[in-house]
Amino acid sequence: GIQVEQSPPDLILQEGANSTLRCNFSDSVNNLQWFHQNPWGQLINLFYIPSGTKQNGRLSATTVATERYSLLYISSSQTTDSGVYFCAVEQGFGNEKLTFGTGTRLTIIP
Amino acid sequence: KAGVTQTPRYLIKTRGQQVTLSCSPISGHRSVSWYQQTPGQGLQFLFEYFSETQRNKGNFPGRFSGRQFSNSRSEMNVSTLELGDSALYLCASSLMPTGDLTSGNTIYFGEGSWLTVV
């Protein structure tokens, strides 16, 4: 099946810093989404981004489908940004389920 | 509108018992998916239901089963519990099934059910 790898696995930053999280996938995909898992376990959908660039406040994401990667940018980090960030992909063509990446644990220090 | 509701939030079961978890999707959503999250295996797909039909099933043993009712609420059941079944079980709902390429087909997750098997 498709492999989804995220880097770095852990990231510790001072409040106010910027960060870039990467998601690499091993095959072509129809769908790619970024999620933030808060400390209580809930996954919050950040972006639906199978290709192109989107921005939402301090967060933005870019997916280059032809090169099989996606980037999530967080600017001016806040402590509430702490948690685990997952990318998830879906291939379609009879394999229509989300495959999640390994996650990046982000810790923002005040 | 109310989000995805999962019950119970926390439960402890003994090996060999069975458990039923419930998920109420966002009003109007007809697709419900279930995922298991463990520290070792990460987030893994269990199954997806759409309009009461199972569309996809992940690579889990037959002890894991589910169903969806006419009101789109879904339940998953795990029989003969093993220690390794201890996990966070997450339910997600969306308007259309996974694989629908409509850009507005956002997936919303519930807060999860934390299952501990002792």
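Might you let me know whether region B:88-98 holds any residue that is within 14 Å of chain A (Cβ to nearest Cβ) and over 15 Å from the mean Cα position of the chain (by Cα)?
yes
Here are some residues: A:60, A:28. Which one is touching a residue at least 12 places away in the same chain (Cβ under 8 Å), small (Gly, Ala, Ser), farther than 24 Å from residue B:5 by Cα and part of a loop (DSSP other than H, G, I, E, B)?
The unique qualifying residue is A:28.
Considering only region A:25-70, state which residues are open to solvent by 60 Å² or more (accessible area, probe 1.4 Å), within 14 Å of another protein chain (Cβ to nearest Cβ) and under 16 Å from residue A:82 (Cα atoms).
A:39, A:40, A:44
Going by the conditions given, is residue B:48 acidic (Asp, Glu) and within 24 Å of residue A:5 (Cα to Cα)?
Here the answer is yes, as residue B:48 does meet what is asked.
Filter region B:34-60 down to the residues that are in contact (Cβ under 8 Å) with a residue 40 or more places away in the chain, among the hydrophobic types (A, V, I, L, M, F, W, C) and either at the interface with chain A (Cβ under 9 Å from one of its Cβ atoms) or open to solvent by 40 Å² or more (accessible area, probe 1.4 Å) (or both) and list them by number.
Of everything in region B:34-60, just one residue is in contact (Cβ under 8 Å) with a residue 40 or more places away in the chain, among the hydrophobic types (A, V, I, L, M, F, W, C) and either at the interface with chain A (Cβ under 9 Å from one of its Cβ atoms) or open to solvent by 40 Å² or more (accessible area, probe 1.4 Å) (or both), namely B:43.
Restricting the search to region B:94-118, which residues are at pLDDT 95 or above and assigned to a strand (DSSP E or B)?
B:113, B:114, B:115, B:116, B:117
Could you tell me whether residue B:75 is away from chain A (no Cβ under 11 Å), open to solvent by 10 Å² or more (accessible area, probe 1.4 Å), within 20 Å of residue B:2 (Cβ to Cβ) and of a type outside the set (A, V, I, L, M, F, W, C)?
Yes; evaluated as a whole, the condition is true for this residue.
Could you figure out which of (1) aromatic (Phe, Trp, Tyr); (2) surrounded by fewer than 21 Cβ atoms within 10 Å (Cβ to Cβ); (3) under 23 Å from residue B:59 (Cβ atoms) isn't true of residue A:86?
Evaluating residue A:86 over (1) aromatic (Phe, Trp, Tyr); (2) surrounded by fewer than 21 Cβ atoms within 10 Å (Cβ to Cβ); (3) under 23 Å from residue B:59 (Cβ atoms) leaves (2) as the failure.
Of the residues A:56, A:45, A:18, A:24, which single one is within 23 Å of residue B:112 (Cα to Cα) and not hydrophobic (A, V, I, L, M, F, W, C)?
A:45
Which members of region B:1-11 meet the condition of being among the aliphatic types (A, V, I, L, M) and open to solvent by 50 Å² or more (accessible area, probe 1.4 Å)?
B:2
Just to verify a result, which residue in region B:12-28, among those that are under 21 Å from residue B:93 (Cβ atoms) and among the aliphatic types (A, V, I, L, M), is surrounded by the most Cβ atoms within 10 Å (Cβ to Cβ)?
B:21
Taking the residues in region A:79-110 that are in a strand (DSSP E or B) and among the charged types (D, E, K, R) as candidates, determine which candidate is nearest to the other protein chains (Cβ to nearest Cβ).
Here the residue is A:90.
Any residue that is in contact with a Gly (Cβ under 9 Å, 6 or more places away or on another chain), modelled with pLDDT of 95 or more and within 29 Å of residue B:115 (Cβ to Cβ) - is there at least one of those in region A:23-32?
Scanning region A:23-32, I find at least one residue that is in contact with a Gly (Cβ under 9 Å, 6 or more places away or on another chain), modelled with pLDDT of 95 or more and within 29 Å of residue B:115 (Cβ to Cβ), so the answer is yes.
The values are calculated or read from the model by the stated rules, or taken from the named source; none is laboratory data. What you see is a predicted model, and the numbers here were worked out from it, not measured in a lab. Glycine also receives a Cβ, built like all others from the backbone with ideal geometry; neighbour counts cover every protein chain displayed. All accessible areas refer to the heavy atoms of the entire protein, side chains included, with ligands and DNA or RNA removed. Shrake-Rupley method; radii C 1.70, N 1.55, O 1.52, S 1.80 Å.
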